[in-house]
Amino acid sequence: MVPEQARRRAEELRREVHAHNHRYYVLDRPVIPDAEYDALLRELQDLEAGFPELVTSDSPTRRVGAPPLDAFRSAPHAVPMLSLDNAMDRAELVEFDARVHRFLGSEAPVDYACEPKMDGLAVELVYEGGTLVRAATRGDGSVGEDVTANLRTVRSIPLALLGPDTPRLVDVRGEVVMLLPDFRRLNREQEERGEAPFANPRNAAAGSVRQLDSAVTARRKLSFFAYGVGRLEGAPVHSHTQTMERLAEWGFRVSEHRRRALGTEEVAAYCREMEERRESFPYEIDGCVIKVDRLDLQERLAATARAPRWAVAYKFPPRQAVTRILEIVASVGRTGAVTPVAVLEPVGVGGVTVSRATLHNPAEVTRKGVLIGDWVTIQRAGDVIPEVVGPLVERRTGDERPFAMPDRCPVCGASIETPADEVVPRCTGLNCPAQLKGRLRHFASRRALDVDGLGAKLIDQLVDRGLVRDVADLFRLDETTLAGLERMAEKSAANLGAALRRARAADLGRFLNALGVRHVGEATARALAAHFRSLAAVMEASEEDLLAVPDVGPEVAARLLAFFREERNRASIERMLEAGVEISAPAKAAAAPVLVGKTFVFTGSLATMTRDEAKARVEALGGRASSSVSGSTDYVVVGEDPGSKAERARGLGVAMLTEQQFRDLVSAAGS
Ligand code: IVH
């Protein structure tokens, strides 16, 4: 009989581990450190070992790795992609070497090939006759996901092997990583778009490889490093080192920090050196991989079900440290996200002095049970801002106090709101200095008020010199002031002045979009404009009024209400009107009923128009264009070389149109 308590705990653990698996493998956004996840999984394994009746077929302990995403075809590996045993310290390296000797029955020192352990996503690339025919993720080791279309966009993956001496068939294995400069840029962009940054380069790489839309993968800069082969036919090699040399000749990037080492002394010295130098590499490494170099010896050593006996991964210790939280402050990001940040007694972690660490969001502060004054473990995961792992409860003195999120923005004083289904609180202030530059860039952008000539550099100058403190100040800038700015010729000042004057005659839809209320994008702004037909009506609308607009749900309504409730925002709009901004209602929509409220998704390339044009036509006729297929999609328009959206549409039974059928529909609707 299993005690009730154990049964309940096992159930709880299964649920938690499943949820973390999903966040980690499918969403690529883990919320807990790997070590905490490991502890949960281990607790479940222990429970199940004690009470085998508790094991269910869907228990997360019953499988290795993640399920392939439904949307990708599965790709079996001809030779399984095994994992590696770990060595956590020098003693375990010595143990590995001893086991190698035992198996080989020899005393002579073994030649090892040592390389950095790249921290990314393992993939396999199949080349037939020198041509890339398939790319797959590792998956569970025997079956991965077919990500050929995505990996073809990675520049460091040759589509055809180089050189006169290419093999008939080769499975090239290696790691897809995101280089640190590319990672930093991506996270900056994510932030600018108001999207959550990636926790580390590994998650960013994994998330990018598993994009359903390969155009997105192409924009994320990924790099591939080869570290081995599966099948290899028609290219004789005798050692791992030779394999790597051949891979380099065939056009692959291989680690420049590879080295041969004889015996454990040299291996340990190599590992030490890599650990010291890791900070200077442009990519993340989390250890070293030590491989028996000679292939004939590798064959004799062979593998267990899980891992080869001829290789081991030496894992670097996590970059953690213990220090005290002096204060927890609310920090406002460029998109208005308000993040609790721990101010720390400065401490060295992996060669870097850390004095601030993120607590992500208020829910995390509660979940981790962190108090101001606590001694905490912090860690540097990847290259991002260090994070607080958790408190050392036994070191509490009783003087610790809890953190409370302020309800007013510490930078501008506007209200802070946390939308119902989100965890990130945000400042609602239109003119919050923390967000002003981003707000202005959006305000002036092509799809908002389209102020030609007002670019990011100019906005920086205007804000940094205190010439613009409020969006409304834009409309009061005169040409003399503009001409006084750096790199501003008289002619361009005159042009910009004219552009700003033109922008004063604003269309209501564009103006609402320009305000940058979260979740109120172009389409929603246009729907609001068509419905209310005046700015005053939008500003005074009740929740009920707002919900009557197609395209507006409770979430968007809440954002609009919070934005217009804020006195500072109303005052700023008032100042814009005083400065001569005149907002015009849209012309009466002449939408034919057939497209109104219908959702379209486009896949593949269209021959007679760009995707933006097609979307614009749909929206002009009262329809909506969306980027993903769901149960509420009405039509999927299938162009040349359609992607997985077409398959998904077929699966969901959504109506599919050819380009010609789409054109007919649009012209019948009065375009
Ligand atoms: S060799 C059978 N070499 O580490 C040997 N793996 O658990 C297979 N990795 O996810 C791997 N750098 O993607 C090898 N230089 C390297 C590596 C490396 C990173 C990853 C690999 C896999 C994990 C092995």
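The values are calculated or read from the model by the stated rules, or taken from the named source; none is laboratory data. This one's a predicted model, so the numbers in the text were calculated from it and none came from an experiment. Using ideal geometry, Cβ is built from the backbone for each residue, glycine included, and neighbour counts are taken over all protein chains shown. We work out accessible area using only protein heavy atoms, side chains counted, and drop any ligands, DNA or RNA first. Shrake-Rupley method; radii C 1.70, N 1.55, O 1.52, S 1.80 Å.
Observations on the model:
- Taking amide H atoms as placed 1.01 Å from N in the peptide plane, the amide H of Ala87 lies under 5 Å from those of Ala313, Tyr314, Lys315, each 5 or more residues away in sequence or on another chain.
- Size of charge dipole - the range 326-396 - debye, nearest 20, with Cβ of Lys, Arg +1 and Asp, Glu -1, no other charges: 80
- Here Lys368 is the anchor, and the aspartates and glutamates within straight C-alpha reach of less than 13 Å, apart from those fewer than 8 places off in the same chain, are Glu36, Glu387.
- Helix-only CD estimate at 222 nm, as mean residue ellipticity for the chain, using -39500 (n - 2.57) per DSSP H run (n ≥ 4): -10500 deg cm²/dmol
- Charge tally for Gly287 (other residues, Cβ to Cβ under 14 Å; Lys, Arg +1; Asp, Glu -1): -3.
- For Arg533, residues with placed amide H under 5 Å, excluding near neighbours: none
- Residue (of Ala525, Val177, Thr241) at the positive-pole extreme of the chain, dipole from beta-carbon charges: Ala525
- The angle between the Cα long axis of helix 490-504 and the main principal axis of the chain comes to about 70°, on a 0 to 90 degree scale.
- Applying 0.36 nm per residue to the separation of Glu273 and Ser542 and subtracting their alpha-carbon distance, the gain on full extension is 90.4 nm.
- Gyration tensor verdict on the range 412-532 (Cα atoms; rounded if a/c is under 1.5, prolate if a/b is larger than b/c, oblate otherwise): oblate
- Potential extension, Met88-Thr131 segment - 0.36 nm per residue separation minus Cα distance: 11.6 nm
- Relative contact order of the chain, defined on C-alpha pairs under 8 angstrom at six or more residues apart (%): 9
- Helix 567-578 axis, angle to the chain major axis (alpha carbon atoms, nearest 10°): 50
- Using θ = phi - 60° in the Karplus curve 6.51 cos²θ - 1.76 cosθ + 1.60, the 3J(HN,Hα) couplings for the range 638-646 round to 9, x, 5, 6, x, x, 5, 4, 5 Hz; x is entered for Gly and Pro.
- Lys/Arg +1, Asp/Glu -1 at C-beta; the range 491-639 dipole; positive extreme among Val552, Ala585, Ala541: Ala585
- Size of charge dipole - the chain - debye, nearest 20, with Cβ of Lys, Arg +1 and Asp, Glu -1, no other charges: 1140
- With all protein chains modelled, accessible area of Ile290 [1.4 Å, Å²]: 0
- Neighbours of Ala330 by Cβ distance under 13 Å: Lys/Arg scored +1, Asp/Glu scored -1, total +1.
- Ordering Thr633, Val216, Ala503 by Cα displacement along the dipole of the chain toward the positive end leaves Ala503 in first place; charges were set at the Cβ atoms of Lys, Arg (+1) and Asp, Glu (-1).
- Length added when fully stretched, Ala505-Ser106, from 0.36 nm per residue minus Cα-Cα: 135.0 nm
- Exceedance of the 25 Å cut-off in Cα-Cα distance is limited, within the set Lys291/Lys315; Lys221/Lys615; Lys615/Lys645; Lys221/Lys315; Lys221/Lys645; Lys437/Lys615, to Lys221/Lys615; Lys221/Lys315; Lys437/Lys615.
- Rolling a 1.4 Å probe over the protein chains gives Glu245 an accessible area of about 90 Å².
- Simple point charges give the picture: +1 on the Cβ of Lys and Arg, -1 on the Cβ of Asp and Glu, and for the range 489-643 a dipole about the Cα centre of about 380 debye.
- Axis angle, to the nearest 10 degrees, between helix 611-620 and the longest C-alpha principal axis of the chain: 40 degrees.
- Measuring nothing but protein heavy atoms, the accessible surface of the chain at 1.4 Å probe radius is 51 percent carbon and sulfur.
- The modelled label-to-label distance between Thr304 and Ala160, using points 7 Å beyond Cα along the C-beta direction, is 4.5 nm.
- Ligands, DNA and RNA aside, Arg395 has an accessible area near 110 Å² when probed at 1.4 Å.
- Eligible lysines near Lys491 by straight Cα distance, threshold 19 Å, same-chain separation 8 or greater: Lys457
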